[in-house]
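See structure below.
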Amino acid sequence: MWTSWRQYANDHPRVVDAALVVLLVLAESGTAVLNSNLPEAVGNLGWSSAFPLAAAASLALLWRRSHPRTVVLFTALCVTAMGGVGYMITPVNLAPLMIALYELTMRVPGKTTRLYCLGVTAVIVAAAVLGNQYGYPWPLVTISPILFLLLPLALGSSARLRAEYAARSREEEARHRVAEERLRIARELHDVVAHHMALANAQAGTAAYLARSRPDQVQQILTELTGTTSTALRELKATVGLLRHTDDTSSPLEPPPGLNRLPDLTASFASAGLTVEVTIEGTQQPLSPDVDLAAFRIIQEALTNVTKHAKVDTATVRLSYHDNQLTITVDNHGKPATVGAGFGLIGMRERARSAGGQLHAGPRPEGGFTVTTELPVMDR
């Protein structure tokens with residue numbers, strides 16, 4: 001219910017301002033009536049002594065958003081006049097000025113607001129002291145106005161700080177999400193380009209070699225090369241499609257790859273001269289989409305690195321399901337692999353962390369290179 005009232009206030013500011021002015025005028029009129037019925041010994045100033053000033057100060061609040069400084073000065077002048085003629089300054093009289101000071105605090109930098117607040121407070125207290133012809137107690141004449149005029153400054157400063165903090169938090173969160181999205185797209189582009197270009201390069205090299213010794217097999221290699229480049233184009237289109245606006249559905253994206261496409265992946269490496277042996281230990285368990293994609297991309301990048309850097313024609317992939325965890329191990333058993341300084345290992349580690357897992361990679365003592373990834377399995 002409170003949220004609906006706030007929404008209504010935001011949508012109808014003029015209605016809220018009019019209601020506020022009416023309430024303040026009614027409060028001021030009630031105070032004036034009570035004051036006019038008091039004996040003159042305690043301050044009978046009559047209806048006409050303060051009510052016109054209080055009503056004018058209340059009406060001025062209609063312009064507090066567009067002219068906050070002017071409204072503060074005008075409402076302060078009205079209160080000063082009331083105190084100067086002997087009217088005791090009460091929270092009801094100060095209400096228009098307090099509201100104007102709060103609005104000024106929310107809209108104007110802190111130093112300016114503090115100067116306005118100190119200035120009007122000093123003038124009002126001085127007028128109240130000089131006009132105290134009926135012997136009001138000095139705490140009501142001095143301390144009360146000071147405290148009530150400092151209150152909107154404190155409340156407004158606190159609200160402004162909260163609003164600024166919320167705005168900064170939203171901006172930081174937006175920048176963080178943009179950075180994460182850029183990093184995710186960069187990983188996808190790297191994996192797609194590195195994998196397919198490495199395969200295409202290996203297939204082209206194989207075709208060039210066979211053209212001299214076994215020309216009858218060149219056509220098959222070239223057919224596989226065409227399939228590799230076509231797949232690369234499709235995946236690049238899907239990845240670049242992530243940059244499209246969310247309401248653009250003219251070319252829907254393909255579903256992201258997962259371990260169900262592992263046979264196609266190993267077959268593509270076979271056409272490049274790398275035999276991949278896949279073993280599965282334990283009972284296969286369902287994976288979340290993010291984990292499934294991370295598992296596929298990590299295997300793809302690890303095998304691509306074998307193709308580019310290791311002098312071997314065989315690699316092994318082992319999937320081990322145990323205790324709600326999937327452990328992926330990619331090995332090659334040849335000479336120590338020389339891994340370049342690119343983003344392959346960095347991207348694999350980022351993928352593992354983003355999926356809630358971890359990755360370890362390094363040379364094998366007996367030669368070759370091992371990539372081990374531990375990823376969480378979806379709860380059943």
When a footprinting reagent is the concern and you count Cβ atoms within 10 Å, what order do 348, 106 take, fewest first?
106, 348
Size of charge dipole - the stretch 90-198 - debye, nearest 20, with Cβ of Lys, Arg +1 and Asp, Glu -1, no other charges:
180 debye
For the pair residue 264/residue 358, report the inter-label distance in nm, with labels modelled 7 Å from Cα in the Cβ direction.
3.4 nm
Label-point separation (nm) for residue 163 and residue 220, each offset 7 Å from Cα along Cα-to-Cβ?
7.4 nm
Along the principal axes of its C-alpha atoms, what lengths does the stretch 259-380 span, in descending order and rounded to whole Å?
42, 26, 23
Fewest to most Cβ atoms within 10 Å: 102, 8, 87 sort as 8, 102, 87
Please rank 268, 29, 213, 169, fewest neighbouring Cβ atoms within 10 Å first, as an exposure proxy.
213, 169, 29, 268
Please give me the summed charge of the neighbours of residue 270: other residues whose Cβ is under 15 Å from its Cβ, Lys and Arg +1, Asp and Glu -1.
-3
So, over other residues within a Cβ distance under 15 Å of residue 200, counting Lys, Arg +1 and Asp, Glu -1, the net charge is -1
Environment charge of residue 318, counting only residues whose C-beta is closer than 10 Å and scoring Lys/Arg +1, Asp/Glu -1:
-3
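Each value in this text was obtained by applying a stated rule to the coordinates, not by laboratory testing. None of the values given here were measured: they were computed from a predicted structure. Reconstructed Cβ throughout: ideal geometry from the backbone, glycine too, with neighbour counts over all protein chains shown.
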